[in-house]
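Remarks on the structure that follows.
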Amino acid sequence: MAPEMEPLFLAWSYFRRRKFQLCAALCTQMLEKSPYDQEPGPELLVSQAAWILKARALTEMVYIDEIDVDQEGIAEMILDENAIAQVPRPGTSLKLPGTNQTGGPSPAIRPITQAGRPITGFLRPSTQSGRPGTMEQAIRTPRTAYTARPVTSSSGRFVRLGTASMLTSPDGPFIHLSRLNLTKYAQKPKLAKALFEYIFHHENDVKTALDLAALSTEHSQYKDWWWKVQIGKCYYRLGMYREAEKQFKSALKQQEMVDTFLYLAKVYTSLDQPVTALNLFKQGLEKFPGEVTLLCGIARIYEEMNNISSASEYYKEVLKQDNTHMEAIACIGSNHFYSDQPEVALRFYRRLLQMGVYNCQLFNNLGLCCFYAQQYDMTLTSFERALSLAENEEEAADVWYNLGHIAVARALLQTASSLAPHMYEPHFNFATISDKIGDLQRSYVAARKSEAAFPDHVDTQHLIKQLKQHFAML
C-alpha cells in the first residue's frame, strides 16, 4: 500500500497547479482537525500555514489584476471633481478627442467610438468607454451600445465581482471580518499580507483592507513599500486619486517596481494628465529598459490622444521585446490597414491566427484585408467564418456592414443598420445607394439617421444638401 502524501504538502501542490478549489477544501479539512486558535506548538504552525494557504487559494479564485481593469461609468464621468482645467491645452487631455491630429486619421476614414476616438485594433478596458461632456450626452448614450459604458459605475461593478466570493464559501464566510482584531494581525506581516489580499479581492471590503494596511504600515515604521502600494490601491478604488498618488510616490522612493509605475500612471490617467503619465512611463523605462508593460502603456496613451503614428512606433518597440504580444500585433495591423497598406496588415492578422486567436473580429479583419489586397478567393470565406463566430448583434452588424460595403448590396446594409442603429456607416452607404437608384425618400431618411449618429460627417451633409435641392425642384 502506497504511503499517503502529507496533507499540507498536497494542498500546496494543488495551489501550485492552480487547482484552488481542491486546495481550499483540503485546507478546510486540516483546519477542522487542528483549529487555528490552539496552544503554541508545531500543530499551530501547520494550522497557520493551512489558514494562509486557504486564504490565498480563495483570493486567487476571484483575483483580477488591478492594473488593467478600469472601466468608467456615469458616476465617474459626470461627478468627477478632479478636473484640472475646464479648457485644457490641445494635446494635454484625454477628454477632448481629436486635439492632437499630428498622426491620427480623420474619423471619416477610420471608424470611431461613441467617445469620439478612433477604434483601436485591440479591445481592452477603458479604451472603448465614453467620456461624455454633459449629463444629457451621457444619458442619451444607448444602453445597448457595446462601445461605451456610461450606464453603471465601476463601484457597482466591483460589488458584482465581490458576489462571486459567495460561490467559494457555501457554508458561510471563511473569515468574519467584523470579528477581526486588525491590530493583532498587523503585527504579523506574513499573516497580514495574505489577509489583506483576501479582504481586498475576495470580500471586496476596501474600507477594512485600508484599515489593515494602515496599521501594518505603522507597525513597519513606514519602511515597507508593499504596504504603501496597497494603501494606494485602496485610495484609488475609493476615488481618492491625490491620496493614492502620494502613497505610490512614497513607495517608489523606497523601492522602484514596475507595478508601482503602472499604478501611478493609472492615477494620472484618471486625473486626465496624459503628459504626466507619459513622462512617468519614460522615467520607468530608464530604470527598466525594454519593459513591455511600460512601452505598451505609452502606446495606449498615444492611441487615446489620437497620435496613431507615435503609438505604432512604441507598439513596434513592444514587438522587439515580445514578438507574441497580441495587442501590439493587432494595433499595428489596424494602423497599416487604415494607412492603405492592406497587404502588410494581412501579415499581422495572419500572425494572430497562427497564434491561436479564433474569433469574429479577427476573421472580419482578415476578410477586409483580403478584399483590399485583391485576394478575392479568401474574402467571402473569411466573412462567412466571422458570421458563424459572431456572439452578439454588434459583431454581426460589423460583418454585415462590411459585406454590404463590398457587395454594394442594399439589403445587407439595411440589415446592418437595423442591428446597430447607432452606427453612421451603414446609414450613409444605404442613403448613397438609394440615391443612385432614384429612391430619394429612403435616401433622405437614411442620411438623416447617419447625421444623427455622426453630425460632423462631411459626405453626409453634402448628400442631405443635394437631396434637399432635388426635393425643391419637384
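In the stretch 253-287, what count of residues is obtained for those that are open to solvent by 40 Å² or more (accessible area, probe 1.4 Å), more than 22 Å from W227 (Cβ to Cβ) and not acidic (D, E)?
Qualifying residue count, the stretch 253-287: 5.
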Inset, instruction - Kindly indicate whether N181 is among the polar types (S, T, N, Q), surrounded by fewer than 16 Cβ atoms within 10 Å (Cβ to Cβ), modelled with pLDDT under 95 and closer than 22 Å to R56 by Cα. - result: yes
Inset, instruction - Go through (1) under 27 Å from G239 (Cβ atoms); (2) open to solvent by 10 Å² or more (accessible area, probe 1.4 Å) one by one and return the number of the condition G290 breaks. - result: (1)
Inset, instruction - Find all pairs meeting these conditions: Cβ atoms under 7 angstrom apart; at least six residues apart or on different chains; first residue within the stretch 265-280 and at positive phi; second residue at pLDDT below 95. - result: D272/I84; D272/S93; D272/L94; D272/K95
Inset, instruction - Name every residue in the stretch 432-448 that is within 35 Å of the chain's Cα centre (by Cα) and either buried (at least 21 other Cβ atoms within 10 Å of the Cβ) or on the phi > 0 side of the Ramachandran plot (or both), in order of residue number. - result: A446, A447
Legend entry - Residues of the stretch 442-474 that turn out to be in contact with a helix residue (DSSP H, G or I) (Cβ under 7 Å, 6 or more places away or on another chain) and either part of a loop (DSSP other than H, G, I, E, B) or touching a residue at least 60 places away in the same chain (Cβ under 8 Å) (or both), as a count: 3
Legend entry - Counted residues, the stretch 321-339 - those being without any contact (Cβ under 8 Å) to a residue 24 or more places away in the chain and surrounded by fewer than 16 Cβ atoms within 10 Å (Cβ to Cβ): 1
Legend entry - Verdict on Y63 being surrounded by fewer than 13 Cβ atoms within 10 Å (Cβ to Cβ), of a type in the set (F, W, Y) and either within 26 Å of the chain's Cα centre (by Cα) or modelled with pLDDT under 90 (or both): no
Inset, instruction - Give the residue that is surrounded by the most Cβ atoms within 10 Å (Cβ to Cβ), with candidates limited to residues of the stretch 386-415 that are at pLDDT 70 or above and small (G, A, S). - result: A386
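The values are calculated or read from the model by the stated rules, or taken from the named source; none is laboratory data. Since we're looking at a predicted model, the values are computed, not measured. We place every Cβ from the backbone using ideal geometry, glycine too, and count neighbours over all the protein chains shown. Note: areas computed on protein heavy atoms with side chains; ligands, DNA, RNA excluded. Shrake-Rupley method; radii C 1.70, N 1.55, O 1.52, S 1.80 Å.
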